[in-house]
């Protein structure tokens with residue numbers, strides 16, 4: 001049986017698992033994956049999906065394709081009877097000879113404001129995560145290492161909890177902070193103990209109106225995503241312009257990783273986006289960059305109007 005040794009991916013999976021959350025360039029299109037407090041924040045029933053091919057063309061010494069491939073499905077909606085929103089994230093990720101499948105259920109409590117343009121949310125997420133590693137594909141520098149004697153696929157299931165908080169002022173600004181894998185749960189995968197690291201996410205952005213005419217409204221929207229496990233840190237800084245809430249385009253810079261261009265369109269509730277990352281790290285000589293596609297749909301809803309009085313003026 002063919003066996004491969006992948007040093008860069010091996011180091012990524014076992015040495016620095018703390019920043020192993022799926023990488024998304026267009027994260028701002030649906031932030032529930034990083035922060036459960038965003039669930040139901042749009043006063044709409046929303047579904048969305050991402051498909052990302054990271055580091056295209058990356059192969060091992062024997063020509064096997066080992067580039068990470070990720071798929072994400074999100075669903076969330078307001079639940080007015082619970083004073084908040086609920087949602088779900090489903091994530092599939094494959095990198096080399098490792099596969100991950102995770103499901104997370106989110107609830108966000110929306111603090112009431114008299115002004116509907118303000119929203120403060122506090123969210124909690126409960127996740128179930130399955131990791132599978134095909135040990136039969138690895139060649140070790142030390143063949144007798146007792147930790148890697150398995151010659152088959154091994155898997156483990158991990159459950160954990162996320163917490164988050166976010167504030168937004170409609171078409172003005174938003175900011176959020178979250179902590180995922182709070183319990184730092186672990187599982188035995190073969191003879192290896194896999195420990196999840198606690199990760200922290202900080203997001204924020206604001207809307208600067210550049211043009212405001214009768215039929216033309218143009219916004220500049222800078223935004224930021226910072227990811228850290230208090231040992232490693234990565235930051236995404238991007239800026240995009242949005243015209244008439246329909247067309248948008250922008251650029252993004254990810255520290256020590258990539259420069260990206262992106263564009264999208266909003267049409268009758270549907271949202272479509274695409275991005276291309278030009279790799280700037282040491283992997284740039286081995287890859288053709290990364291591509292990502294986004295498709296989403298939101299159906300606006302509102303709370304039911306309740307009668308406040310049954311008085312009828314006919315009976316004066």
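The numbers here are math on the coordinates, done by the rules we state, and not lab data. Nothing here was measured: the structure is a model prediction, and the numbers come from that model. Every residue, glycine among them, receives a Cβ derived from its backbone with ideal geometry; neighbour counts consider all protein chains shown.
Key figures
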{"item": "Length-normalised contact order for segment 205-257 - Cα pairs under 8 Å, 6+ apart - percent", "result": "28"}
{"item": "Cα centroid separation - segment 50-101 against segment 238-301, whole Å", "result": "16"}
{"item": "Nitroxide proxy distance, nm - points 7 Å out along Cα→Cβ at residue 288 and residue 120", "result": "5.1"}
{"item": "Ranked packing of 98-108, 200-210, most packed first, by mean Cβ within 10 Å", "result": "98-108, 200-210"}
{"item": "Taking the convex hull of Cα positions in segment 154-268, its mean projected area over all directions (nm²)", "result": "10.2"}
{"item": "Length released on extending from residue 169 to residue 247, taking residue separation times 0.36 nm less the Cα-Cα span", "result": "25.9 nm"}
{"item": "Separation in nanometres of the label points that stand 7 Å from Cα toward Cβ, at residue 270 and residue 195", "result": "4.8"}
{"item": "Estimated FRET transfer efficiency (residue 161, residue 206; beta-carbon r; R0 30 Å; 0.05)", "result": "0.50"}
